[in-house]
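Notes for the one structure printed next.
The values are calculated or read from the model by the stated rules, or taken from the named source; none is laboratory data. For clarity, every value in this text was computed on a predicted model and none was experimentally measured. Ideal geometry is used to build each Cβ from the backbone, glycine not excepted, and the neighbour counts take in all protein chains shown. In case anyone asks, the SASA skips ligands and DNA or RNA and just uses the protein heavy atoms, side chains included. Shrake-Rupley method; radii C 1.70, N 1.55, O 1.52, S 1.80 Å.
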Amino acid sequence: MKIEVLVPTMHRKDMQIAEKMNLQTDAIIINQTDTHGYEVKETDKGRIRFYSFAERGVGLSRNSALMRSDADICVLADDDMVFHDGYEETVRKAFEDHPEADVIIFNLDSTDGERRSNEKAFRVGLFNYMNYGAARVAFRRKAVTFRGVSFNLNFGGGTEFQCGEDTLFLRDCLKAGLCMVAVPQSLAVLVDDRPSTWFKGYTEKYLIDKGIVMKLAHPVLAELFCLYLTLTHPEYAKEHGGRKKVFELMWQGTRFVKNRKECPR
């Protein structure tokens with residue numbers, strides 16, 4: 001079982017990110033910068049392929065890595081993660097213990113200890129997949145590519161709609177009939193040592209974009225999902241004087257998709 005980590009990053013001058021992230025398997029690093037280039041490094045732990053492209057968009061970078069992978073299992077990562085020693089065996093054992101799983105969602109430790117954690121293994125479905133981001137996901141590569149699942153190029157850091165590419169990816173996996181399982185094991189720790197390249201708080205744009213994502217992911221039930229997010233995320237309301245405004249902003253996003261008009265800002 002060959003395991004490969006797929007990493008999007010920006011403006012790297014060299015391959016030192018591989019050492020910083022403690023990569024111990026094969027990996028593909030997609031570097032968004034202003035030039036094009038390719039390097040490869042063979043180590044005793046694996047092969048690191050480092051591509052530089054003059055392009056932007058985290059979904060585009062993840063797709064670029066996925067299309068170049070030849071692994072059995074792909075592990076999605078962000079460049080502010082540090083992998084635990086022995087993560088390769090953790091991934092391998094999880095897929096061996098859950099042979100039915102096409103996609104496995106691991107825990108992701110964080111320095112602030114505030115990340116949602118899986119306490120036990122369970123099946124992930126329509127009403128809980130939105131709890132997870134891409135940087136804790138591993139999947140059987142052929143199961144995903146055979147069904148044509150990839151990342152939406154219009155969403156995520158570096159695009160117009162700066163969140164939601166991971167939500168749409170997981171939703172497409174479920175729509176394609178893939179089995180998704182969450183497990184309590186952790187592969188890495190998130191190290192908060194740089195500002196986000198896209199998150200500027202729960203702004204009006206953020207909430208409108210959330211509504212757009214919900215309408216694409218759930219065309220019929222989008223408004224109910226927006227209401228659910230409004231009620232379960234009090235942090236949204238703190239910046240907008242109450243839940244009513246939060247829901248109105250998300251609702252605007254759903255209308256944008258329905259009416260295909262210029263997105264309100």
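Does PHE161 satisfy being under 13 Å from the mean Cα position of the chain (by Cα) and of a type in the set (A, V, I, L, M, F, W, C)?
It is false that PHE161 is under 13 Å from the mean Cα position of the chain (by Cα) and of a type in the set (A, V, I, L, M, F, W, C).
Out of region 201-221, which residues are part of a helix (DSSP H, G or I) and open to solvent by 10 Å² or more (accessible area, probe 1.4 Å)?
Hits for region 201-221 are GLU204, LYS205, TYR206, LYS210, LYS215, LEU216.
Within region 1-11, count every residue that is more than 21 Å from ILE73 (Cα to Cα) and either open to solvent by 70 Å² or more (accessible area, probe 1.4 Å) or modelled with pLDDT of 95 or more (or both).
Total meeting the criteria: 1.
Looking at region 61-78 only, could you name the residues that are within 17 Å of GLN162 (Cα to Cα) and surrounded by fewer than 22 Cβ atoms within 10 Å (Cβ to Cβ)?
Scanning region 61-78 gives ASN63, ASP78.
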